[in-house]
Amino acid sequence: MIDELFTHTPRQRQETMQKILYGDPLFRVLYLPLWYQSKEDLSPVETWQEALMVIDEMKAIDSGIRHLEVARLIEQLQQRYSCFDNMERKEELAAHSSMLVMATVMFMLGEASEEWKDNPHRKLCYNISGVLSRIGGFKELCNDVRDSEHRTVDEEGPLPIRDFLKPEKNAIDESQLRNFTDEEIHKSGIRCNNPLAVLQAIDLMVQHLENDNDWISIYAVLVERDYISRTMTTFCTMVNSFFSASLSSNYMSKVLKSHGESIEKWKPFYDDQRRHLDLVSLFRKKLLKMGMA
């Protein structure tokens with residue numbers, strides 16, 4: 001993905017993702033500093049997504065040479081951001097976009113330990129900082145992030161220690177993921193940059209669904225993220241074709257109407273809606289583990 005030209009995430013999708021990402025304390029720290037520099041550039045949500053993409057790229061590089069690969073990764077990012085939605089951009093704008101993303105990577109890696117001297121990625125962070133210090137906006141970004149972090153720590157306490165380069169606990173075993181053919185993926189109606197991951201996440205959810213109406217949780221999250229059209233018939237056809245269900249679009253439409261058109265309207269004091277809200281949370285986590293932020 002890093003060697004492909006960048007395409008902006010649709011605004012509605014960004015707004016949905018932003019609400020989800022507000023739950024991450026580091027994103028909250030970085031949000032305004034990134035927003036200050038987002039004019040004609042990547043939004044904070046897009047920057048966070050792109051940083052996670054770079055983190056995944058780093059995981060495939062031997063840890064002993066990751067710090068030496070920083071320059072290559074930045075060069076690849078500059079090429080990626082040389083166009084936005086097939087519109088050519090000036091070299092300094094592409095460099096600025098690369099700076100935002102790699103700086104975010106650096107801030108993520110900085111959370112791997114409580115003490116800087118114990119951080120396993122210290123050498124990697126030094127090299128990122130060394131290259132980015134030559135790009136306009138980097139020092140300002142670092143100052144803004146430092147101030148934002150101080151305010152957050154004062155109000156909420158220290159940021160959680162986590163290593164973005166380490167495999168997550170309870171990470172999904174890829175050998176257990178169901179395979180879908182290219183034809184199935186095309187027919188599914190899932191529309192995003194990685195429809196296979198979404199289908200696999202749905203497959204992982206099947207064991208948690210006890211009743212037909214539980215599928216409304218899957219539908220609601222897919223619509224929330226603009227992964228599928230709002231047409232209930234399309235969703236039910238996909239589920240019935242790939243997940244051995246027998247959903248009626250009329251019945252599912254009634255379930256949706258009783259709950260509310262959006263997840264925000266569901267009420268936890270109703271037993272079925274409370275269960276479905278729990279399933280929504282679980283499905284979001286499955287998608288996150290599949291790399292769908």
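The values are calculated or read from the model by the stated rules, or taken from the named source; none is laboratory data. As the structure is a prediction and not an experimental result, all values here were calculated from the model. Glycine also receives a Cβ, built like all others from the backbone with ideal geometry; neighbour counts cover every protein chain displayed. The area values use the complete protein model at the heavy-atom level, side chains included, leaving out ligands, DNA and RNA. Shrake-Rupley method; radii C 1.70, N 1.55, O 1.52, S 1.80 Å.
Only the Cβ atoms of Lys and Arg (+1) and of Asp and Glu (-1) were treated as charged; on that basis the dipole of the chain about its Cα centre amounts to roughly 380 debye. Label positions at Ser244 and Val153, each projected 7 Å from the Cα along the C-beta direction, are separated by 5.3 nm.
Applying the criteria of a DSSP loop state and at most 12 other Cβ atoms within 10 Å to the chymotrypsin sites (Phe, Trp or Tyr not before Pro) of segment 1-53 yields Tyr22. Per residue, the average separation of C-alpha pairs within less than 8 Å and at least 6 apart gives the chain a relative contact order of 17 percent.
Start at zero, step by 10 Å, and the Cα-Cα distances of segment 104-143 spread as 30, 53, 18 percent across the bins. Between the amide H of Phe84 and those of Arg89, distances stay under 5 Å, these residues lying 5 or more places away or on another chain, with hydrogens modeled in the peptide plane.
Both radii are taken from the alpha-carbon atoms of segment 84-150; with Rh as the Kirkwood radius, Rg/Rh is 1.04.
Multiplying the residue separation of Leu288 and Asp85 by 0.36 nm and subtracting their alpha-carbon distance yields 70.6 nm. At Ala60 and Ser262, where each label point lies 7 Å from the Cα along Cα→Cβ, what is the point-to-point distance in nanometres? Label-label distance for Ala60 and Ser262, simple model: 3.7 nm.
Return the aspartates and glutamates within reach of Lys90: Cα separation strictly under 14 angstrom, same-chain partners fewer than 8 residues apart disregarded; answer none if there are no such residues. Filter leaves Glu40, Asp41. A rounded overall shape is assigned to segment 1-55, the ratio a/c of its alpha-carbon gyration tensor axes (a ≥ b ≥ c) being less than 1.5.
In the structure shown, the pairs Lys19/Lys286; Lys19/Lys59; Lys59/Lys289; Lys166/Lys285; Lys39/Lys139; Lys19/Lys285 are assessed against 21 Å; a Cα-Cα span above that value is assigned to Lys19/Lys59. Rounded, prolate or oblate: pick one for segment 165-293, where a ≥ b ≥ c are the square roots of the eigenvalues of its C-alpha gyration tensor, a/c under 1.5 means rounded, and failing that, prolate if a/b is larger than b/c, else oblate. It comes out oblate by the Cα gyration axes. Using a probe of 1.4 Å, the accessible surface attributed to Leu288 totals some 100 Å² when neighbouring protein chains are kept in position. Each of Arg274 and Thr7 was given a label point 7 Å from its Cα along the Cα-to-Cβ line. The distance between the two points is 4.3 nm. For segment 27-123, the gyration tensor built on C-alpha atoms gives an oblate shape. Its axis ratio a/c (a ≥ b ≥ c) is at least 1.5, and a/b is not larger than b/c.
In units of the compact-protein estimate 2.2 N^0.38 Å, segment 187-260 shows a Cα radius of gyration of 1.00. Expressed as a whole percent, the accessible area of the chain that falls on carbon and sulfur atoms is 47 (1.4 Å probe). Ellipsoid semi-axes for the chain, based on the Cα gyration tensor and the rule √(5λ), read 37, 21, 19 Å when sorted largest first.
Available extension along the chain between Ser129 and Tyr251 is 38.3 nm, counting 0.36 nm per residue and deducting the alpha carbon span. For segment 208-293, trypsin sites (Lys or Arg not before Pro) are listed when DSSP marks them as loop and at most 12 other Cβ atoms sit within 10 Å of their Cβ; the list is Arg230. With protein chains left intact and a 1.4 Å probe, residues in the chain average 55 Å² of accessible area per residue. Between the residues Ala245, Leu287, Gln207, the greatest Cα displacement towards the positive end of the dipole of segment 206-293, with unit charges on the Cβ of Lys, Arg, Asp and Glu, is found for Leu287. Dividing the summed -39500 (n - 2.57) terms of all DSSP H runs of n ≥ 4 by the residue count of the chain sets its mean residue ellipticity at 222 nm at -18000 deg cm²/dmol. Segment 227-271 and segment 70-104 have Cα centres separated by 40 Å.
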